[in-house]
Amino acid sequence: MRAQIHKSLLLTGILSVIVTFLVAGILYYQGIQARALHEIVHLTEIAADGLTGDRDRDAAFLETIRSKSQREMHITWFDADGRVLYASHPDADGGADEPEILQAKESGEGHAVRKPARGEPMSYSAQKAFDGSILRIAVPRAAPAGILTPLLPEILIFFGVFVVGCFAASLKETEYVLRPLRQLEGLVTDIMEGAPERPVPGGYKELLPLVNKVREQKKEIQNYTEDLEEERNTVRTVIDTISDGILLLNERREVIDYNRTAKRIFQSSDDMRFRKVAALYHDEDWLRAISLAFEKNEDERNQYTMTLNGRPYRACMARIELSDETTGLLIVLHDLTASYAAEKMRREFSANVSHELKTPLTSISGFAEMIANGMYRSEADVKLFGSRIFEESRRMMALIETIMHLSKIEENQTTITWKPVDMAGAARYAAELIGPQAAAKHVAIHVDADPLYVYGNPALLSELVMNCVDNAVKYNREGGEVTVSVHPEGEDKVRLAISDTGIGIPKDKQDRVFERFYRVDESRNKSTGGSGLGLAICKHIVTQHKGTIQVSSVEGQGTTIEVLLPRMSDADVEIEEAAASTAQIEAAKAESGQLDAEPAPEAAAHPAKAKKDKKDKKSQKDDKGKKNQKDDKKDKKGQKDDKGKKK
């Protein structure tokens with residue numbers, strides 16, 4: 001501001017000096033021209049009075065005047081009829097019809113300033129003699145440069161003196177203008193520090209509205225700061241009280257904030273801020289999930305179920321924009337221990353029931369085998385009943401094993417070991433695995449699959465395809481066909497279809513085939529060994545992968561099972577593979593301790609931390625300046641708040 005004011009005053013002074021010199025120059029030039037015109041008029045009058053009427057003598061007289069003149073001079077003498085009697089420069093200044101000649105004929109004298117056809121501007125003066133003749137004398141008008149050039153050194157000296165004076169005067173005036181503003185700075189500082197009020201410096205009433213506005217702003221800022229501090233403490237208390245763990249990461253995968261629950265989850269006794277998240281828990285699946293979450297859009301929420309330090313958690317990850325306009329990741333960890341405990345009790349109950357049923361069924365199977373071997377009397381009847389008991393026990397044992405397998409499938413939800421699965425490869429693998437069973441029934445399996453990927457669990461998706469193909473072979477006719485196709489559906493779906501030429505399903509029973517333990521035909525399932533859980537398991541797997549499954553069948557012609565699953569694009573597959581590779585590298589570095597050994601400049605590597613330290617220092621400085629204005633109770637509260645900020 002000081003430089004701008006000084007510059008403005010200096011430029012104003014210099015412009016004033018320049019304008020003064022220009023005005024003075026113009027006035028001086030006009031004075032010179034007026035003086036020259038007066039001289040030429042006086043000379044013309046004298047010369048006209050000196051004419052005698054003798055043409056030769058008068059011509060010699062005029063020539064003498066011209067030759068004795070120190071500057072260029074044009075002399076022309078006309079008789080009363082306008083004929084030229086004498087001309088020092090013929091054809092240069094015009095004839096008797098020029099304005100000054102006509103004016104002299106009428107009034108006795110005439111004056112004019114004009115530029116002839118050739119040459120520079122001239123001043124003309126005409127005078128009427130005693131005999132009616134007209135004498136005209138003309139001299140060139142002096143140019144401004146020619147007049148002022150001899151005075152140029154003096155002009156430059158005076159101009160320099162005036163510029164120096166303007167510089168000194170502008171400095172002094174600048175200090176005078178800024179003096180009340182400097183005093184106002186101290187007043188504003190006192191107001192912001194809460195010092196007693198004092199009058200406006202210098203008595204400038206114009207500054208009073210500004211001072212009053214500063215006082216109002218100070219009160220508003222103080223109230224706003226107190227509200228923010230109270231709100232911050234409330235938010236921090238709420239976050240620390242939440243039972244879910246909260247982590248906030250920056251784009252370098254560093255923890256920039258967390259709550260107490262997160263600290264307990266990762267079993268850390270030290271401050272976790274600005275530590276690599278891989279150093280907290282170096283599991284590849286955990287790190288891969290974080291990498292994938294960074295690649296999602298801000299409006300997408302990614303949920304994973306995982307095990308951290310022996311406890312199950314549901315991790316909800318969302319990409320956000322931090323205060324410094326960089327990308328961050330918010331992770332919320334919800335403890336599933338209680339819900340899993342209840343689920344575990346249910347599964348254990350089912351397992352115990354199955355186990356309790358399996359033991360007597362094994363005994364029944366043994367006795368039935370003895371009866372079938374003819375170890376008792378009434379051999380025909382005993383063998384018949386014994387065979388039935390034996391077959392039924394085997395079927396129930398298979399059912400129990402299927403139930404236990406379903407429980408294992410549900411347990412797979414506690415992991416996040418999902419990856420891109422090639423559905424074409426899964427279809428070919430199922431066809432190859434069930435090939436011998438199909439060959440025994442002379443059933444041909446055809447695979448028509450495009451290389452499409454689904455993000456899911458490879459084991460579950462493979463079991464989905466195998467269950468469907470197995471059913472298509474079991475319930476097919478001799479010499480029938482099974483077609484497995486994998487093709488894109490729309491822009492983001494995969495259509496898996498398993499068609500057979502078997503016995504089909506009645507239309508009124510197609511809606512219930514996915515229910516547990518439901519059998520279309522009891523006698524048919526007994527002959528094929530079906531448990532009624534195959535399609536229920538398939539539906540469970542499809543639901544886990546956020547897909548849909550449906551059946552269409554014509555009794556006596558065949559059945560088609562159609563599954564729609566979310567399809568991964570080529571870019572998604574590349575991102576997943578890159579994330580898996582990065583997670584593997586980070587996990588290896590974390591296990592070897594390389595991450596903690598990597599040095600990083602404090603300010604460059606942790607701009608958010610440097611910004612926070614700067615804010616803390618400013619807060620400490622402000623608190624130090626307020627100590628003399630507050631009582632001990634407020635000082636203690638301020639120290640407590642400062643500790644909360646640092647934390």
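No lab work stands behind these numbers, since they all come straight from the coordinates. Bear in mind that the values here come from a model prediction, so they are computed numbers and not experimental data. Cβ: placed from backbone, ideal geometry, glycine included. Neighbour counts: every protein chain shown.
Output the relative contact order of region 1-127, whole-number percent, from Cα pairs under 8 angstrom with separation of 6+ residues.
16
Among the trypsin sites (Lys or Arg not before Pro) within region 1-81, which fall in a DSSP loop and have no more than 16 other Cβ atoms within 10 Å of their own Cβ?
Values: sites: Arg2, Lys7, Arg35, Arg55, Arg57, Arg66, Lys68, Arg71; in loops: Arg71.
Sites meeting the loop and neighbour criteria: Arg71.
Treat each spin label as a single point 7 Å out from the Cα along the C-beta direction, and report the Leu27 to Lys7 distance in nm.
3.4
Taking only the alpha carbons of region 1-109, what extent do you get along each of the three principal axes, in Å, biggest first?
81, 29, 24
How much length, in nm to one decimal, is gained on full extension between Ala459 and Lys419, taken as 0.36 nm per residue of separation minus their Cα-Cα distance?
On the way: separation 40, 0.36 × 40 = 14.40 nm, distance 1.08 nm.
Using 0.36 nm per residue and subtracting the Cα-Cα distance, I get 13.3 nm.
Subtracting the Cα-Cα distance from 0.36 nm times the residue separation, let me have the gained length for Glu577 to Val554 in nm, one decimal. Walk me through the intermediate numbers first.
Values: separation 23, 0.36 × 23 = 8.28 nm, distance 4.27 nm.
Full-extension gain reported as 4.0 nm.
Projected area of region 286-335, taken from the Cα convex hull and averaged over every viewing direction, in nm²?
Values: hull surface 14.5 nm².
Taking a quarter of the hull surface, the average projection is 3.6 nm².
Can you work out the Karplus-derived ³J(HN,Hα) for every residue in region 9-25? Use 6.51 cos²θ - 1.76 cosθ + 1.60 with θ = phi - 60°, whole Hz, and x for glycine or proline.
So the J values, rounded to whole Hz, are 5, 5, 5, 4, x, 5, 4, 5, 4, 4, 5, 4, 5, 5, 5, 5, x.
Give the relative contact order (percent, whole number) for region 205-291; include only Cα pairs under 8 Å separated by 6+ residues. Each step should come with its number before you reach the end.
Details: 61 pairs, mean separation 15.7, N = 87.
Result for region 205-291 is 18 percent.
If each of Cys316 and Glu231 carries a label point 7 Å out from its Cα toward its Cβ, how far apart are those two points in nm?
2.3
So, in nm, how far is label Glu369 from label His442 when the simple model puts each one 7 Å beyond its Cα toward the Cβ?
Here the modelled spin labels are 3.5 nm apart.
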